[in-house]
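Structure first, commentary second.
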Amino acid sequence: MSIHIGAEKGQIAEKVLLAGDPLRARAIAERFLEDVFEYNSIRGMYGYTGSYMGKKVSVQGSGMGIPSISIYAHELINEYDVKTLIRVGTCGSLQENVKIKDIVIAMGACTDSAINHHRFGGMDYAPLADYQLLTKAVDLAKLARLRSHVGNILSSDQFYHHDAENWKTWADYGVLAVEMESSALYTLAAHFGVKALTILTVSDHLITKEFASAEERQGSFMDMARIALDLDL
Ligand code: HPA
């Protein structure tokens, strides 16, 4: 057992999908995994292990924001020997051509968080996805005929930004979408020598102000979860 995860050693697979919403982690486990058991319910941050196409895989809730995902990623890697972490989440689009329900595969993650600034003594680190996972995910999205985009995202500390126009600077530099976790996931994966990738579906659009309906969110979320599960098979 680690501080925030109630599993025994060996109960978590080497490959873990991370969903911000723990109920989404549960929904993925119920929909796709066989022989599932719940290894964590501490803080309601559910974690499940089961088998997908005969391979052991886990799905863990990771919460909202960089501090929360950092705790789960750190413990999964260092206490449970997890080697591959795939975040499946939602994002807000910053570009006209990145539409509601589209998939964004994050090659890199910018951030407005101060954590890496402290970590690197005021210098800027460029957190990147694992290249093999990235290219495989791109291929799988194409095979599944899903509209997908590959590029840079923003991991912001703020959902409700005090400057409502702030995202435009990132958009001007080609950043595709905003979420709140991946720069930490990529940084920790690099630090501890494991693989990480973030795959997102667009749930809202900062230019058009559209939102995906609950059914649209559910459908594209499961399409994305399948890509994450099929990775590395
Ligand atoms: N901002 C930040 N995180 C998000 C958003 C957003 O608009 N949509 C989904 N996650």
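General remarks:
- Per DSSP, loop trypsin sites (Lys or Arg not before Pro) in the stretch 184-222 with at most 11 further Cβ within 10 Å: Lys209
- Phe211 accessible area, assembled protein chains, probe 1.4 Å, Å²: 150 Å²
- Approximating the spin labels as points 7 Å out from Cα along Cα→Cβ, the Gln218-to-Phe37 distance works out to 3.0 nm.
- The stretch 1-39: trypsin sites (Lys or Arg not before Pro) in DSSP loop, at most 14 other beta carbons within 10 Å: Lys9
- MRE, 222 nm, helices only [DSSP H, n ≥ 4, -39500 (n - 2.57), over the chain, to nearest 500]: -10000 deg cm²/dmol
- GluC sites (Glu not before Pro), loop per DSSP, at most 12 other Cβ atoms within 10 Å - longest free stretch of the chain: 9-95
- 25 °C / 0.890 mPa s Stokes-Einstein diffusion coefficient of the stretch 15-230, Kirkwood radius on C-alpha pairs, µm²/s: 143 µm²/s
- Which of Leu128, Leu154, Met53, positive extreme of dipole for the stretch 15-230 (C-beta unit charges): Met53
- Pairwise label distance in nanometres, Glu30 with Lys99, each label 7 Å out on the Cα-Cβ vector: 3.1 nm
- Among the protein heavy atoms of the chain, carbon and sulfur supply 53% of the accessible surface, probe 1.4 Å, non-protein parts ignored.
- The residues of the chain expose, per residue, 48 Å² of accessible area to a 1.4 Å probe.
- Rounded, prolate or oblate (a/c below 1.5 giving rounded, otherwise prolate when a/b exceeds b/c) for the stretch 21-77 by Cα gyration tensor: prolate
- When Met123, Met107 are compared by accessible area of protein heavy atoms, the largest-first order is Met123, Met107, using a 1.4 Å probe.
- Candidates per trypsin sites (Lys or Arg not before Pro) in the stretch 89-164, loop by DSSP, up to 10 other Cβ within 10 Å: Arg145
- Amide H contacts of Thr90: Thr201, each under 5 Å away and 5 or more positions distant or on a separate chain (H built 1.01 Å from N in the peptide plane; Pro and chain starts excluded).
- Cα gyration tensor shape of the stretch 115-184, rounded if a/c is under 1.5, else prolate or oblate by comparing a/b with b/c: oblate
The values are calculated or read from the model by the stated rules, or taken from the named source; none is laboratory data. As the structure is a prediction and not an experimental result, all values here were calculated from the model. Heads up, the Cβs are rebuilt from the backbone with ideal geometry, glycines too, and the neighbour counts pull from every protein chain shown. In case anyone asks, the SASA skips ligands and DNA or RNA and just uses the protein heavy atoms, side chains included. Shrake-Rupley method; radii C 1.70, N 1.55, O 1.52, S 1.80 Å.
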